[in-house]
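Accompanying notes for the structure given below.
The values are calculated or read from the model by the stated rules, or taken from the named source; none is laboratory data. Every value quoted in this text rests on a predicted model; they were computed, and no experiment measured them. Note: ideal-geometry Cβ built from the backbone for every residue, glycine included; neighbour counts use all protein chains shown.
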Amino acid sequence: MNSELQRLIAIVARLRAPGGCPWDREQTHASLLKGLLDETYEFFEAVDENDPVKMREELGDVLLQVVFHTQLETEANRFTMEEVARDINEKLIRRHPHVFDSVRVSSSDEVIHNWERIKKNEKGKEHRKYLVDDIPAALPALFRAEKIQRRVAGVGFDWENAGPALDKVEEEFHEFREAIEENDQEHAAEELGDILFALVNVARHRGICAEEALRSANKKFTRRFRYIEDACAEAGIDMKKASLEELDRLWEAGKKVVG
């Protein structure tokens, strides 16, 4: 495996070298970020499909992104792939004292507690002024909301169960409805954000990943709408001219056929 990894590093270095690929030579960390995000979500999709061949391919694409970003820093004499690997190796050992040292744990909750405690005391973390400062702003919003909520729950700022969190959703929805009825667009947008944040809180309490739940809902809607498109095509129906009642009938049929 090491020989193949070294081969990949050498290929990327060659692409970036004088006489290499003009496109690769033009890239920067910033220009590559969208690719890193795209490849990550393509791996998500491969996992959803439980397709090991696709997973392997997409992990290769993610690895390419890691190697490419590291190559940019290697060229600037700031760090190398060896140092990247060393850092993560040391971090894994440091944060798993129950595996690599004599610490004893009895549950996953204890593992997480120790992980957070060790993480907080690591060099480079001490500059954090506020509890949520190091949660990346660029995360998908639902993911970030959950991470924020988990972080503050760690210091006791949390309800004991999902009941009060669910009440908060109803409260926020009432305020959202009022803003809509008053035609206050700015207030409505704010209240919609509050609803989503409150829903993430309920989901967290119930052990549901809100981001995954929404992704699943998107897939379900897409699957059912494709059924409508296929049904219309087979029947020679122009969707733009079809009534909402016709489309809704096909939607209900699609729910039974494609789930």
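Matching residues to (1) of a type outside the set (Phe, Trp, Tyr); (2) at negative phi:
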position: 153; (1), (2): yes, yes
position: 156; (1), (2): yes, no
position: 159; (1), (2): no, yes
position: 166; (1), (2): yes, yes
position: 169; (1), (2): yes, yes
position: 174; (1), (2): yes, yes
position: 177; (1), (2): yes, yes
position: 180; (1), (2): yes, yes
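Inspect segment 169-177 for any residue being without any contact (Cβ under 8 Å) to a residue 60 or more places away in the chain, under 22 Å from residue 132 (Cβ atoms) and out of contact with any Cys (no Cβ under 9 Å at 6 or more places or on another chain) and give the result as yes or no.
Keep residues of segment 169-177 that are without any contact (Cβ under 8 Å) to a residue 60 or more places away in the chain, which gives 169-177.
Pick out the ones that are also under 22 Å from residue 132 (Cβ atoms) and you get 169, 172.
If we keep only those that are out of contact with any Cys (no Cβ under 9 Å at 6 or more places or on another chain) too, we end up with 169, 172.
Yes: segment 169-177 contains one or more residues that are without any contact (Cβ under 8 Å) to a residue 60 or more places away in the chain, under 22 Å from residue 132 (Cβ atoms) and out of contact with any Cys (no Cβ under 9 Å at 6 or more places or on another chain).
Pairs only if they're at least six apart or on different chains, beta carbon under 6 angstrom, first in segment 150-168 and assigned by TED's automatic domain parsing to the domain that holds residue 193, second charged (D, E, K, R); list them, first residue then second.
162/206
Checking residue 242 against (1) modelled with pLDDT under 95; (2) among the small types (Gly, Ala, Ser); (3) assigned to a helix (DSSP H, G or I), only one condition comes out false. Which one?
(3)
Could you tell me how many of the residues in segment 22-54 are surrounded by 13 or more Cβ atoms within 10 Å (Cβ to Cβ) and not in a helix (DSSP H, G or I)?
Qualifying residue count for the region: 2.
Take the residues in segment 192-222 that are farther than 21 Å from residue 159 by Cβ and of a type in the set (Gly, Ala, Ser); name whichever of them is modelled with the lowest pLDDT.
Here the residue is 216.
Which of the residues that make up segment 127-149 are under 16 Å from residue 201 (Cβ atoms) and in contact with a helix residue (DSSP H, G or I) (Cβ under 7 Å, 6 or more places away or on another chain)? I'd like the intermediate steps shown before the answer.
Step one: list which residues in segment 127-149 are under 16 Å from residue 201 (Cβ atoms), which gives 132, 135, 141-149.
Correct list: 132, 135, 142, 143, 145, 146, 149.
Does residue 50 satisfy being closer than 30 Å to residue 220 by Cα and of a type in the set (S, T, N, Q)? If you could, list the steps in order and put the result at the bottom.
Numbers: closer than 30 Å to residue 220 by Cα: yes; of a type in the set (S, T, N, Q): yes.
It is true that residue 50 is closer than 30 Å to residue 220 by Cα and of a type in the set (S, T, N, Q).
Could you check segment 191-202 and list, in sequence order, the residues that are of a type outside the set (S, T, N, Q) and under 14 Å from residue 141 (Cα atoms)?
Looking only at segment 191-202, we keep the residues that are of a type outside the set (S, T, N, Q), and these are 191-200, 202.
192, 193, 194, 195, 196, 197, 198, 199, 200, listed by residue number.
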